[in-house]
Every structure is written in structure tokens, then in C-alpha cells.
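Worksheet for the structure shown next.
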Amino acid sequence: MTKLIKELENEGRISEDEAYKLYDLDLFTLAKFAHKKRSTLHGKKVYFNINRHINPTNICADTCKFCAFSAHRKNPNPYLMSHGEIMAVVDEAVGRGIKEVHIVSAHNKDTSWQWYLGIFKMIKQKYPHLHIKAMTAAEIDFLKRRWKLSYEESIERMIEYGVDSMPGGGAEIFDEEIRAKICKGKVSSQNWLKIHELWHSKGRQSNATMLFGHIENKAHRIDHMLRLRALQDKTGGFNAFIPLVWQKDNSFLPIKQQADSEEILKTIAISRLVLDNVPHIKAYWATMGINLALVAQEFGANDLDGTIEKESIQSAGGAKSAKGLALNTFIELIQTAGLVPVERDSLYNEIKICAS
Ligand code: V47
């Protein structure tokens, strides 16, 4: 342990061997070091954006056991939005001032790759300045499995049609044994990383997630972070890391207890410390609740995602996030916590510092 504490005190890179010992430290020791790192990078700033999440279909060819969003016997509510219906949602949200649409779909084999990618062309033609964050690596892999569209072709068309950045979904847990148990058949870890590397090679940025609090153990989480750290050393293309707290309702995993607050805060703090080359750690309030996400800002996180407006994936699993949060509530909550709300764009350029 002394070697680990020394590495933390030196504020240099935590070696791979020592990283596996981080969960043995108590929460407040982790918080001390993670908060210091966060403060050096971002002071008291808490970043958020004004965005709208859209999930155009929940009909899925894959059968991930952790997922409550896809239509199945526990959530028998299949839907598929037409391009016109998606546009109507975008029109309304743009009218309310959103600056980003975050679009993630299930893997619907009865559509076409043109249905998937055409969404972006349609939106960009009408709203050239709206940032489109869309297509998880899992979706890109699905287009290859279903319609033989290579990763390169998908990425070329995404760029041509106006996708600005890629979200971090589909990463789950990279460990192959856990992956085989929770999302067999979906994008492999190697291909998830390969797709992001390809995207970065085009000068584009993306995020990375980790779904935790199900059947994985702490070593699997560290392994996940280290694989991301290695790719980030190569490409520098990841903006934010987002540990997603698994929501247990309506899933097919036999687990009764979700990660508790201590586990969540430890994971946030550890990710801040291990991912020394990723600028932002997002406490995604949809999976941990806004109050804990605010506390997480003292444990290494510096971002909350955004106002979201409507959330379908985590709320299907039991999260109390379905309706999003109003902008003024968002700002007030951050200020009441003694922090400085900063509206950012999707690539973390500052738009407005909201003084109290
Ligand atoms: O990949 C599915 C996760 C992800 C559940 O890039 C669940 O800024 C919790 O990736 N409980 C999609 N999580 C969402 C996502 C995301 C969210 C916010 C910001 C960004 C970003 C990306 O949701 C999936 C999966 O890991 N998920 N089911 C569940 N029951």
C-alpha cells in the first residue's frame, strides 16, 4: 500500500499493478487525491450542456441481460420512430434551445442502414449548428453484422451526414468473460476500441462509458479503465469517461442490490485517478440521481451530462430520470452545492459561466 500512496502523493501516473489496489483504499483517502486532481484540472467548475436524448427504437436483435430498455417480455412496449417523428422531437427541442442531440438506438434488424444514418443527414440539413452526438460503437458494429457495412464505411457516412461526436455507449465491461455472460454476440471489446480508434483517426472525438454494479468485480473495472487509458495514450480522442451505475429493474441478471453510494463515489474517484489522460469525468445523474451526482463533484467528477429532457434507457431499469431537469433547476442545484455551473458545448468549449 505504501507504494500506491507514494504514487498518489507524487501525482504521476499510477502503475498498472498499483491501480488494482485502489479499491482497497478508504473512500476519503481516494477522495482527497481525486478531488485534488479534479481541482487542478477544473477548479470549482461543473460542466453541463443543454441537450436532448432521443432513442429512436427499442427493438433489438441483441439480448443483453443487463438491459431493460429493449423490448422484451419484461418491457413489452416495442416502438420504432419514423424519420418524421424524430424530426418533430428535434424541432420542438431546438425551439426550447437545446444545443446537442444525443441519439442512441437499439439494434433493429427490420430497418436499414439508411434508416440509421439518414437520421443525421435529415437533422443536419435543417439544423447545421446543432451538435449531433450519435452512433455507439455497438450500433456501428450492428450495421456491419446486419448489412455488411464496414466500420470504415459507417464512419465515412457518419462524417458526411453530419455526426459531430460519438457517445461512449456499448462499452459495458471489457473483460471478455463478463461480456460473454451479459451481452454475448454484441460488439467485442476489441472492436469497440477499434471503432473508437478509427473515429479518432479522423480527427474526431468521443466518450467512453463503463457499466458497473452488476456481475463484474473491482478488478474488471480497473482492467476496463486501463484498456481505455492505453488507447487514449495513442489517440487522445476521448473527452469524457462516464461510469454508468447499472439499474436493476426489469433486467435478466439475478442481482437484487445495485451499487451503493460509497461504491459509486469510489468508482468515480478511482476513474479520475487512473484515467489521468482523459480530461473529464462525468457523473451521469440519470444513473446515480442528481444529489449523488453533485456529491460526486467532490470526489473527482467535473461534469453532469446535461438537461437530457427525456431519458429512456436508464429509466427503463428503474432510474428516476425519465423527465430530465429544467435548466434553472440544474444551475441552482450546482450553485447551492457551492460550485460554479459552466454551460459547455459538446466538445467542452465553455459557452457560459453561470455566476450566482
Ligand atoms: O451502452 C443499458 C447503458 C448505455 C442500463 O457518451 C444501462 O456522453 C444502467 O452510453 N442501467 C447507453 N445503464 C447510454 C450511454 C451514455 C449515457 C450518457 C452519456 C453518454 C455520453 C453515453 O446505457 C448502454 C449501457 O451501457 N445501460 N441498460 C441499465 N439498466
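The values are calculated or read from the model by the stated rules, or taken from the named source; none is laboratory data. The model shown is predicted, which means the values in this text are computed figures rather than measured ones. All Cβ positions, glycine included, derive from the backbone under ideal geometry; neighbour counts span all protein chains shown. Please note that ligands, DNA and RNA were not included when accessible areas were found on the heavy atoms of the full protein model with its side chains. Shrake-Rupley method; radii C 1.70, N 1.55, O 1.52, S 1.80 Å.
Looking at Asp141, is it acidic (Asp, Glu) and open to solvent by 30 Å² or more (accessible area, probe 1.4 Å)? Spelling it out, it is not the case that Asp141 is acidic (Asp, Glu) and open to solvent by 30 Å² or more (accessible area, probe 1.4 Å). Scanning the stretch 121-159 for residues that are away from the ligand (no atom under 16 Å from the Cβ) and within 12 Å of Ile103 (Cα to Cα) yields one hit, Ile123.
Of the residues that make up the stretch 202-210, is at least one more than 10 Å from the ligand (Cβ to nearest atom), part of a strand (DSSP E or B) and buried (at least 19 other Cβ atoms within 10 Å of the Cβ)? Yes: one or more hits.
Could you look through the stretch 61-99, keep only residues that are assigned to a loop (DSSP other than H, G, I, E, B) and buried (at least 21 other Cβ atoms within 10 Å of the Cβ), and pick out the one that is farthest from the ligand (Cβ to nearest atom)? That would be Ile98.
Filter the helices (runs of 4 or more DSSP H) completely within the stretch 230-301 down to those with at least 3 residues that are within 25 Å of Lys194 (Cα to Cα) and modelled with pLDDT of 95 or more. Where helices (runs of 4 or more DSSP H) fall fully within the stretch 230-301 and carry at least 3 residues being within 25 Å of Lys194 (Cα to Cα) and modelled with pLDDT of 95 or more, they are 261-274. Of the candidates His102, His129, the single residue that is in contact with a Lys or Arg (Cβ under 6 Å, 6 or more places away or on another chain) and within 23 Å of Gly237 (Cβ to Cβ) is His102. Scanning the stretch 261-289 for residues that are among the hydrophobic types (A, V, I, L, M, F, W, C) and either within 14 Å of the ligand (Cβ to nearest atom) or over 16 Å from the mean Cα position of the chain (by Cα) (or both) gives Ile264, Leu265, Ala269, Ile270, Leu273, Val274, Val278, Ile281, Ala283, Trp285, Ala286, Met288.
Checking each residue in the stretch 213-257 for being closer than 29 Å to Lys320 by Cβ, exposed (fewer than 15 other Cβ atoms within 10 Å of the Cβ) and away from the ligand (no atom under 13 Å from the Cβ) picks out Asn217, Pro254, Lys256, Gln257. Remark: pairs (first residue in the stretch 291-304, at negative phi; second residue among the polar types (S, T, N, Q) and open to solvent by 10 Å² or more (accessible area, probe 1.4 Å); Cβ separation under 8 Å; 6+ apart in sequence or on different chains) = Leu292/Ser261; Val295/Ser261.
Cβ-Cβ below 8 Å, separation at least six or inter-chain, first residue in the stretch 104-116 and open to solvent by 50 Å² or more (accessible area, probe 1.4 Å), second not β-branched (Val, Ile, Thr): which pairs? Pairs that qualify, where the first residue is open to solvent by 50 Å² or more (accessible area, probe 1.4 Å) and the partner is not β-branched (Val, Ile, Thr), are Lys109/Ala61; Lys109/Arg146; Asp110/Leu80.
Screening the candidates Ile313, Ile351 for the property of being open to solvent by 30 Å² or more (accessible area, probe 1.4 Å) and within 13 Å of the ligand (Cβ to nearest atom) yields one hit, Ile313.
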